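Read through the structure below, which is laid out as structure tokens, and then see the notes.
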Amino acid sequence: MTETLFTGITQLVTPPPGPQRGVAMRNLTVVEDAALLVRDGVIAWAGPRREAAATAHVHDLGGLAVVPGLIDPHTHAVWAGNRLADFEARVEGVPYEAILARGGGIRSTMRATAAASVPELVALARPRLTALARSGATTVEVKSGYGLDFGAEVRMLEAVCALQAELPLTLRPTLLIHVPRTEGRGAYVRAVCEELVPQVAREGLAGAVDVFCEREAFTVEETRLIFAAARAHGLRVKLHADQFQTLGGTELACEVGALSVDHLEASGEAQIAALAASDTVATVLPGVTLHLGLPAAPGRRLVDAGACVAVGTDLNPGSSPLFSVQLALALAVRVNGLTPAEALTAGTVNAAHALGLRDRGALVAGQRADFLALHSPDWRELAYTLGTSPIRDVFVGGRNIQN
Ligand code: NIG
Ligand code: FE
């Protein structure tokens, strides 16, 4: 057994464990002059320093704020090639959807990714995931979705598996059914349901299946078929919806108990009401708003309506080259209207819920000892700072992964 008492904590800040919805997202516990007891990678006790039991091994953090490790519930961190030409075209006025419709955008990343081997994909994704970890992420979801064919989809998931074996943070792979083949799309959806989803479930390559439900991607009916196949094979489901159009994907996801619906930039009253009435997490992605110049997802209205809101980077080459989960939280405050406290809850316990995880996100006994020591004695630097990192140390299972 290894046991460490962390001291020198000016503020120990945490949401309660488990998902938080509505304005309850603001209810953080702030313990001044605190201590945190970690036993075998799990929090054994947290509270005021003066109440801590004596322990042989004490680690004095030196007088700064501690918050839970951040959870990034939405990334596409594995890709090859780049989208720099798209970026220039978009800045000059060509819409994202138009680039995709003419065979560029996501489809160009698919061509480059399908041509890469697993070791090449691992080498490309490693520094991206390392950057996310430095920015405070202790758990990161990683999607496939740039495989032109099923072999390439599986290679992407194998790359995530190889990265999990070497990186200290937790990676959660998701199979993303991203855009259909341009010809024979009915047959493609059938093959996804009858071949790819069963294979991924059988080989344990992903825990969830995500679909891009949008005019340039999959319809609501196609999404329903893919969801049914996923659930028949014991996989949870998630959805990219309402990025450009409200097609009904959000309502479908809430109806079938999806883990989360992500994007929501175009969501209106009906979608907000559906999310607020469900256990499905509403994940906002402010990096997309910034990079594509899209309207912001209605984070404030979702919280006020009572939804469980999470925030993610959506790290990907086309719509969100955002390599910092801390910055995603800071942007959610400016772009989506969350308060700093709501942003912390969105990036911890609610993001965990969006991944179906219950064992992390809060600094209470029994949770994983994933936590961040800031540079500052005041935790609010976390959602305040833009452009430099307010985070000094990242602890995963009680171990500092920056050293
Ligand atoms: O979450 N919108 C769809 N999928 C990704 C973008 C992928 C890309 O542009 O390469 C997203 O925004
Ligand atoms: Fe995405």
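Of all residues in the stretch 171-186, exactly one satisfies the criterion of being free of Cβ contacts under 8 Å to residues at least 40 places away in the same chain and part of a strand (DSSP E or B), namely P173.
So in the stretch 265-284, with the set limited to residues that are among the aliphatic types (A, V, I, L, M) and touching a strand residue (DSSP E or B) at 6+ places or on another chain (Cβ under 6 Å), which one is farthest from ligand 2 (Cβ to nearest atom)? It comes out as L275. One residue is enough: does the stretch 249-266 have a residue meeting the conditions in contact (Cβ under 8 Å) with a residue 40 or more places away in the chain, within 15 Å of ligand 1 (Cβ to nearest atom), surrounded by fewer than 20 Cβ atoms within 10 Å (Cβ to Cβ) and in a loop (DSSP other than H, G, I, E, B)? Scanning the stretch 249-266, I find no residue that is in contact (Cβ under 8 Å) with a residue 40 or more places away in the chain, within 15 Å of ligand 1 (Cβ to nearest atom), surrounded by fewer than 20 Cβ atoms within 10 Å (Cβ to Cβ) and in a loop (DSSP other than H, G, I, E, B), so the answer is no. Restricting attention to the stretch 307-341, the residues that are within 27 Å of G207 (Cα to Cα) and either of a type outside the set (F, W, Y) or more than 13 Å from the chain's Cα centre (by Cα) (or both) add up to 23. Among the residues of the stretch 204-229, write down those that are of a type in the set (A, V, I, L, M, F, W, C), away from ligand 2 (no atom under 16 Å from the Cβ) and without any contact (Cβ under 8 Å) to a residue 40 or more places away in the chain. Listed by number, the residues that qualify are V220, L225, F227, A228, A229. Residues considered: A206, A201, A229. Of these, the only one that is in contact with an Asp or Glu (Cβ under 8 Å, 6 or more places away or on another chain), over 29 Å from P298 (Cα atoms) and assigned by TED's automatic domain parsing to the domain that holds V303 is A229. All conditions but one from (1) surrounded by fewer than 24 Cβ atoms within 10 Å (Cβ to Cβ); (2) over 21 Å from T246 (Cα atoms); (3) among the hydroxyl-bearing types (S, T, Y) apply to T313; the one that does not is (1). The criterion of at least 1 residues that are under 20 Å from the mean Cα position of the chain (by Cα), surrounded by 21 or more Cβ atoms within 10 Å (Cβ to Cβ) and touching a residue at least 60 places away in the same chain (Cβ under 8 Å) is met, among strands (runs of 3 or more DSSP E) falling completely within the stretch 1-98, by 3-14, 58-68, 70-72.
The values are calculated or read from the model by the stated rules, or taken from the named source; none is laboratory data. For clarity, every value in this text was computed on a predicted model and none was experimentally measured. Note that each Cβ is placed from the backbone with ideal geometry, even for glycine, and that neighbours are counted across all protein chains shown.
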